[in-house]
Amino acid sequence: MVDRLSAKRRSWLMSRVRRENTAPELSVRRLISAIGYRYRLHAPELPGRPDIVFRKTKKVIFVHGCFWHHHIGCRLATIPKSRTGFWRAKFSRNRARDAAILERLESGGWRTLTIWQCQIRDLCSLEKRIRAFLGPSR
Ligand SMILES: [Zn+2]
């Protein structure tokens, strides 16, 4: 019983850890601040609880880990060798959920940008994408 609870707790903690304030997300937030945009974090009332929110312009940015969100064609989107069927099903659910979230946001008038973990290494092109998405900062 104790073991089951602690396993549940551990998995809850892991899910929290990977949802918010991940290293890729922090890098994107630092970049966005550095180029002069103000944002809010984790709007709980919006579908999918977007990582970075620009209320006035109705734009949101998601920062996705390539493994958990299963970035198609990405070398970080590996499938674990054991329980392969379980992981494939899990990743396909994650992808379907992400797609449904974007649809709900966009039908509510929000514009969305998804930044993948593997795209953060190239800060220069990332900055260009973010500027193009957000428009003038003042
Ligand atoms: Zn990737």
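Only the coordinates and a few stated rules stand behind these numbers; no lab work does. Predicted, not measured: the structure shown is a model, and the values here were computed from it. Every residue, glycine among them, receives a Cβ derived from its backbone with ideal geometry; neighbour counts consider all protein chains shown.
Here are a few things to note about the model shown:
- Ascending count of other beta-carbon atoms within 10 Å, so fewest first, for VAL28, VAL60: VAL28, VAL60
- For VAL60, net neighbour charge (Lys/Arg +1, Asp/Glu -1) across residues whose Cβ lies under 9 Å away: +2
- Residues ILE61, ILE32, sorted so that the one with the fewest Cβ neighbours within 10 Å comes first: ILE32, ILE61
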